[in-house]
Amino acid sequence: HSENLPPASSIPGPIRTGDLMPYGNSCLVLFYETFSTSYSYTRLGRVNNPSGLASALGSGSVTVTFELQ
């Protein structure tokens, strides 16, 4: 699909483990560590229970599937 994600960026303060944000207009980032940033992001959502993300996502290539319920 050729549509881009709509921007609504702001400086979110600290990015938290489990935050889901676009990077650019065609890439989604699921953050697995908490850190401070001065970059602007559009927060789309977050994982409710992010425990284990660092061990699951930080160890190599993974596939993440998003489903609407």
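The values are calculated or read from the model by the stated rules, or taken from the named source; none is laboratory data. Here the structure is a predicted model, which means the values were calculated and not measured. Cβ placement follows ideal geometry from the backbone for every residue including glycine, while neighbour counts extend to all protein chains displayed. Surface areas here come from the heavy atoms of the whole protein model, side chains and all, with no ligands, DNA or RNA. Shrake-Rupley method; radii C 1.70, N 1.55, O 1.52, S 1.80 Å.
Across V47, V64, the residue with the most accessible area heads the list, and the full order at a 1.4 Å probe is V64, V47.
Extending 7 Å from Cα along the Cβ direction at L20 and again at T34 yields two label points whose distance is 2.1 nm. Dividing the helix sum by the residues of the chain, where each DSSP H run of 4 or more adds -39500 (n - 2.57), gives a mean residue ellipticity at 222 nm of -1500 deg cm²/dmol. Each Cα pair of the chain feeds into the Kirkwood radius, which the Stokes-Einstein equation turns, at 25 °C and 0.890 mPa s, into a diffusion coefficient of 188 µm²/s.
Can you pull the one-decimal nm distance between simple spin-label points at T42 and I11, each 7 Å off the Cα toward Cβ? About 2.1 nm separates the two model spin labels.
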